[in-house]
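Reviewing the structure listed below.
The values are calculated or read from the model by the stated rules, or taken from the named source; none is laboratory data. Computed from a predicted model, the values in this text were never measured in an experiment. Cβ: placed from backbone, ideal geometry, glycine included. Neighbour counts: every protein chain shown.
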């Protein structure tokens, strides 16, 4: 079940380096893209850093709305990650499906604080508001954001930590290259 | 065996989100610390982003030298990651060991382009030169750097991709919190 994550624990959703799906919406348009280049930036208030290429449709919607969703997909969603990561939202605008969500049959829910749709079936979610840093954005495609709400599937994340044992289909994905991913493996303590 | 990684493939060493060890040296002093908050920032020339807290001794040496090493530790080095991540280099300055390398018996080698020592036994290494961005550094503890040389253990990384099968002790570490790590698991394609 999806449950809120206390904001001081939000960084732990990204701490182990998962590949994420970025969602965004503005003025009736919405999009979703894959992003391996993300990291936590601060504990409390939680902040993150993420790279959003200036050629993406997602970039356009994020710059217009000032917010985005970070969705942490799991092994069961590997094909979705490849699908949404292999085309542009612009490719669908003039087609009957209109966006990637319709094109790939993606179910969404609304977060608490932002307008971006959040993807069902993920194992963690962060609602993010852009911290405007025009130099970083234009020079490095680098976005900094404050996490204003966070959620996780309590089957695999609770009390501030991941516990994937017994839920192999819910393990996070870590992109290598060329369509290959690593999943998380054993927990060491 | 440690082999050079072509610079356009350097980002792939960090793409799957490993926790790293940052090494640094300046004027006869050296240090090493753990850093889970790192990511690739660009392909070619390769750049990375990493968070280096302003209270760390590492920060002092990096700001003085303008360079640092990113060492990607493996499962066999879990205890080293916890050791160097649980104390400050400043704690050792007045002791006979003088630094963490001596205190914990860490073997190092010299990279090609920077003065920081690189840690033996890791599975990947990036030699980095800071891209000065004073606002990011002071406001967010965020450092951007260009990767000027990269190396990997060819038992687990070659031809631009990770392949950990058959080498469980060389799997990368992904920090959760509270002394717990995830290792990489299955490869999916």
**OP:** Please find, among B:181, B:164, the residue that is part of a loop (DSSP other than H, G, I, E, B), within 11 Å of chain A (Cβ to nearest Cβ) and farther than 20 Å from residue B:58 by Cα.
**Re:** B:164
Original post:
Quick check: anything in the stretch A:33-49 part of a helix (DSSP H, G or I), modelled with pLDDT of 95 or more and at negative phi?
Top reply: no
Original post:
Could you list, in sequence order, the residues of the stretch B:136-155 that are touching a residue at least 60 places away in the same chain (Cβ under 8 Å) and either within 9 Å of another protein chain (Cβ to nearest Cβ) or surrounded by 22 or more Cβ atoms within 10 Å (Cβ to Cβ) (or both)?
Top reply: B:140, B:141, B:142, B:143, B:144, B:145, B:147, B:150, B:151, B:152
Subject >> Residues of the stretch A:167-178 satisfying the condition of being more than 16 Å from the chain's Cα centre (by Cα) and either within 10 Å of chain B (Cβ to nearest Cβ) or assigned to a loop (DSSP other than H, G, I, E, B) (or both) >> reply: A:167, A:168, A:176, A:177, A:178
Subject >> Filtered residues of the stretch B:55-70 (kept if surrounded by 19 or more Cβ atoms within 10 Å (Cβ to Cβ) and within 14 Å of chain A (Cβ to nearest Cβ)) >> reply: B:70
Subject >> Boolean, residue B:28 is on the phi > 0 side of the Ramachandran plot and within 14 Å of another protein chain (Cβ to nearest Cβ) >> reply: no
Subject >> Single residue of the stretch B:74-89 satisfying the filter (away from every other protein chain (no Cβ under 14 Å) and surrounded by 13 or more Cβ atoms within 10 Å (Cβ to Cβ)) that is nearest to residue B:178 (Cα to Cα) >> reply: B:83
Original post:
Which residue, of A:133, A:186, is without any contact (Cβ under 8 Å) to a residue 24 or more places away in the chain, more than 16 Å from residue B:176 (Cβ to Cβ), touching a strand residue (DSSP E or B) at 6+ places or on another chain (Cβ under 8 Å) and at the interface with another protein chain (Cβ under 10 Å from one of its Cβ atoms)?
Top reply: A:133
Original post:
Which one of A:30, A:59, A:12 is within 21 Å of residue A:148 (Cβ to Cβ) and in a strand (DSSP E or B)?
Top reply: A:30
**OP:** May I ask you to list the residues in the stretch A:167-180 that are under 22 Å from residue B:158 (Cβ atoms) and surrounded by fewer than 22 Cβ atoms within 10 Å (Cβ to Cβ)?
**Re:** A:177, A:178, A:179, A:180
Subject >> Count - residues of the stretch A:98-129 that are more than 22 Å from residue A:12 (Cβ to Cβ) and surrounded by 15 or more Cβ atoms within 10 Å (Cβ to Cβ) >> reply: 10
Original post:
Which numbered condition trips up residue A:158, out of (1) surrounded by fewer than 22 Cβ atoms within 10 Å (Cβ to Cβ); (2) away from chain B (no Cβ under 14 Å)?
Top reply: (2)
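Matching residues to (1) closer than 22 Å to residue B:179 by Cβ; (2) touching a helix residue (DSSP H, G or I) at 6+ places or on another chain (Cβ under 8 Å); (3) within 14 Å of another protein chain (Cβ to nearest Cβ):
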site: B:17; (1), (2), (3): yes, no, yes
site: B:24; (1), (2), (3): no, yes, no
site: B:43; (1), (2), (3): no, yes, yes
site: B:53; (1), (2), (3): yes, yes, yes
site: B:72; (1), (2), (3): yes, yes, yes
**OP:** Among the residues of the stretch B:4-15, count how many are surrounded by 24 or more Cβ atoms within 10 Å (Cβ to Cβ) and either facing chain A (nearest Cβ under 7 Å) or modelled with pLDDT under 95 (or both).
**Re:** 1
Subject >> Filter result (modelled with pLDDT of 95 or more and in a loop (DSSP other than H, G, I, E, B)) within the stretch A:64-87 >> reply: A:66, A:73
